[in-house]
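The values are calculated or read from the model by the stated rules, or taken from the named source; none is laboratory data. None of the values given here were measured: they were computed from a predicted structure. Positions of Cβ are backbone-derived with ideal geometry, glycine not excepted, and every protein chain shown enters the neighbour counts.
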Amino acid sequence: GAEGETQVQEQKKKSAVEELKAALMKAAAGVPKASAAAPAGEDGAEGQPAAAADAKAPGPANHRMCGRVKSYNSKKGFGFIDMPGYQRDIFVYNSHLIGRIGLLVGEYVEFSLVMDGGRPQARQVRVTSKPPDKAVPDSALASMG
């Protein structure tokens, strides 16, 4: 009778609520927490996926890589870094440079490597004064005492 139909409706409601919850959780996982603070403007859209990529970067967040600028287009605001022992060119975008607005070919840089859309990309890129002669940067050795 009527009681059986009510139970069926309740089940449908429950599963719809569960589906909605799952969809919301999935959507929330893909949204960077810093999105509200991201500056609006020409590279505002570029800044948001970066925050998401940083959040799921493998290993410790402060693991720094060293490489050399292979090419850089200052008009377009991006370039590529060559890292010894790494087969692919690493994409670098000017909004990820620290203390610089561009790079010069041949400069040595220190950066965090992330995979964004299957492409290796450099984040928190800093120019270093000399080629890395050690696998571990001096700053890391100094902090170990």
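Observations on the structure shown:
- Residue list for the stretch 86-96, filter: closer than 16 Å to CYS66 by Cβ and touching a residue at least 40 places away in the same chain (Cβ under 8 Å): HIS96
- Residue, nearest to VAL69 (Cα to Cα), within the stretch 97-114, restricted to residues that are within 21 Å of the chain's Cα centre (by Cα) and surrounded by fewer than 12 Cβ atoms within 10 Å (Cβ to Cβ): ILE101
Quick grid of which residues meet (1) at pLDDT 90 or above; (2) surrounded by fewer than 11 Cβ atoms within 10 Å (Cβ to Cβ); (3) of a type in the set (A, V, I, L, M):
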site: ALA51; (1), (2), (3): no, no, yes
site: PRO58; (1), (2), (3): no, yes, no
site: ASN62; (1), (2), (3): no, yes, no
site: MET65; (1), (2), (3): yes, no, yes
site: LYS70; (1), (2), (3): yes, no, no
site: SER74; (1), (2), (3): yes, no, no
site: ASP82; (1), (2), (3): yes, no, no
site: ARG88; (1), (2), (3): yes, yes, no
